[in-house]
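Novice: This structure is in structure tokens; I'll ask about it shortly.
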Amino acid sequence: MSIYGDRAEQAFYSGCNCSQSAVLPFAEEIGMTREQVLKLVGGLGGGVGRMREVCGAFTGVTLVLGALYGFTDPKDKSAFYAEVQALAREFCARNGKGTLICRELLGLEKAEGTPVAEERTAEYYQKRPCPMLVRVAADVMAEYMAAHPLPQAVPPAQEPAAR
């Protein structure tokens, strides 16, 4: 468990969707404000727009991975995809269902067929694994970051003071 996982779970309980919850703890690291994160990843929640496809918590941390470790040179594409797949394997190993698919994680045979989000009630939180899933996603990403430290940013040289 990590502080990132704690923050992700708290975000979910505050009303954020799964993707927003998984990314918000990393806002500072990826150079974004809370508002920017909420807007950017809002559509990924519920397995992309509540269609119950790939888990929004996982797609969120994939975005974090790309922001911090992504590639710009096409020759690096396969190596980056390998990192995404490693993150996916770890997420699946820890989520209790062994899948990335939202509807399978929720125990649904098919998507509900509506974009309308359910009201957040005590019963909602009782039946949803989502608080645990956002925690797992954020913890996996935090562990990846700890194992792959980024170089510290060097502050730009200051201009000499004018005389």
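The values are calculated or read from the model by the stated rules, or taken from the named source; none is laboratory data. This is a predicted model, so every value here is computed, not measured. Cβ placement follows ideal geometry from the backbone for every residue including glycine, while neighbour counts extend to all protein chains displayed.
Novice: Specify the residue that is nearest to S2 (Cα to Cα); the eligible residues are those in segment 121-157 that are among the polar types (S, T, N, Q) and not in a helix (DSSP H, G or I).
Specialist: Within segment 121-157, the match that is nearest to S2 (Cα to Cα) is Q152.
Novice: Could you pull out the residue among E28, E35, E90, E53 that is acidic (D, E), modelled with pLDDT of 95 or more and touching a strand residue (DSSP E or B) at 6+ places or on another chain (Cβ under 9 Å)?
Specialist: After applying the criteria, what remains is E53.
Novice: Take segment 77-101 and flag every residue that is out of contact with any helix residue (DSSP H, G or I) (no Cβ under 6 Å at 6 or more places or on another chain) and basic (K, R).
Specialist: Passing the criteria: K77, R89.
Novice: For L38, work out the one condition from (1) within 12 Å of the chain's Cα centre (by Cα); (2) under 16 Å from P131 (Cβ atoms) it doesn't fulfil.
Specialist: (2)
Novice: Out of the helices (runs of 4 or more DSSP H) lying entirely within segment 1-120, which hold 1 or more residues that are out of contact with any His (no Cβ under 9 Å at 6 or more places or on another chain) and either surrounded by fewer than 14 Cβ atoms within 10 Å (Cβ to Cβ) or among the hydroxyl-bearing types (S, T, Y) (or both)? Steps first, please.
Specialist: On the way: elements: 3-13, 18-23, 34-41, 56-69, 77-94, 102-106.
It comes to 3-13, 18-23, 34-41, 56-69, 77-94.
Novice: Pairs needed: first member in segment 102-115, at pLDDT 95 or above; second member anywhere, of a type in the set (S, T, N, Q) and not in a helix (DSSP H, G or I); C-beta distance under 8 Å; at least 6 residues apart or different chains.
Specialist: Pairs found: L105/N95; L105/T99.
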